[in-house]
Amino acid sequence: MGHSNFSTNDQIDVIQALAGSTEDTPVLMLNINRYTEKAGFPNGDLYKSYMQAIEYSVGNVGGSILWRRPISVSVVGDLTGFNEVLGVWYPSHQSFVDLPKADGAKIMFSHRKTCVELAHILAMPDSQPPSFI
């Protein structure tokens, strides 16, 4: 089984169905990224350009990067070698679906192709403020 940094058709269908429904709520995307050596995480120019491009493109669909944190160690499961977790908020699933058409997205996806070796992205409903346990 190969790995991909892009959504499968089934995954796209699910997000698009939510985007076109009455259940289209704000969403928090949890991005778990392993960067290429070329990206130079965390201080490389390519990595920094990628982060700027994400902020710009996501902002153009009404979203924002809430936080970015480096990963120090995988404690449960095997996420060894992953570098960073990003919390990216979107006002709706539709805004996430619209991201590829946003101003600056072409540059962002170009940087993503060069910088991200492997990614996991999980969608979480965000219709209520986060609670801390």
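The values are calculated or read from the model by the stated rules, or taken from the named source; none is laboratory data. Just so it is clear, the model here is predicted, and its values are computed rather than measured. Glycine gets a Cβ as well: all are built from the backbone with ideal geometry, and neighbour counts include every protein chain shown.
Summary table
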quantity	calculated
Conditions (1) surrounded by fewer than 16 Cβ atoms within 10 Å (Cβ to Cβ); (2) touching a Cys at 6+ places or on another chain (Cβ under 7 Å); number of the one not met by Thr36	(1)
Which listed residue is without any contact (Cβ under 8 Å) to a residue 60 or more places away in the chain, closer than 16 Å to Asn5 by Cβ and not in a helix (DSSP H, G or I), from Leu118, Leu86	Leu86
Residue satisfying condition, being at pLDDT 95 or above and more than 18 Å from Arg68 (Cβ to Cβ), within set Gln94, Gln128	Gln94
Given (1) in contact with a His (Cβ under 8 Å, 6 or more places away or on another chain); (2) on the phi > 0 side of the Ramachandran plot, index of the condition Tyr50 fails	(2)
Scan of the range 89-115 for residues that are of a type outside the set (D, E, K, R), out of contact with any strand residue (DSSP E or B) (no Cβ under 8 Å at 6 or more places or on another chain) and assigned to a loop (DSSP other than H, G, I, E, B), ordered by number	Pro91, Ala102, Gly104
Complete set of residues in the range 41-73 that are in contact (Cβ under 8 Å) with a residue 24 or more places away in the chain, under 22 Å from Lys106 (Cα atoms) and in a loop (DSSP other than H, G, I, E, B)	Phe41, Asn60, Val61, Gly62, Gly63
Sole exception among (1) surrounded by 12 or more Cβ atoms within 10 Å (Cβ to Cβ); (2) free of Cβ contacts under 8 Å to residues at least 60 places away in the same chain; (3) not acidic (Asp, Glu) for Thr22, by number	(1)
Residue count, the range 1-30 (criterion: at pLDDT 80 or above, in a loop (DSSP other than H, G, I, E, B), in contact with a helix residue (DSSP H, G or I) (Cβ under 8 Å, 6 or more places away or on another chain) and under 21 Å from Arg112 (Cβ atoms))	0
Residue satisfying all of: in the range 40-99; closer than 26 Å to Thr22 by Cβ and of a type in the set (Val, Ile, Thr); surrounded by the fewest Cβ atoms within 10 Å (Cβ to Cβ) among these	Val97
Selection status of Val76, closer than 19 Å to Ala102 by Cβ and either out of contact with any Gly (no Cβ under 9 Å at 6 or more places or on another chain) or in a loop (DSSP other than H, G, I, E, B) (or both)	no
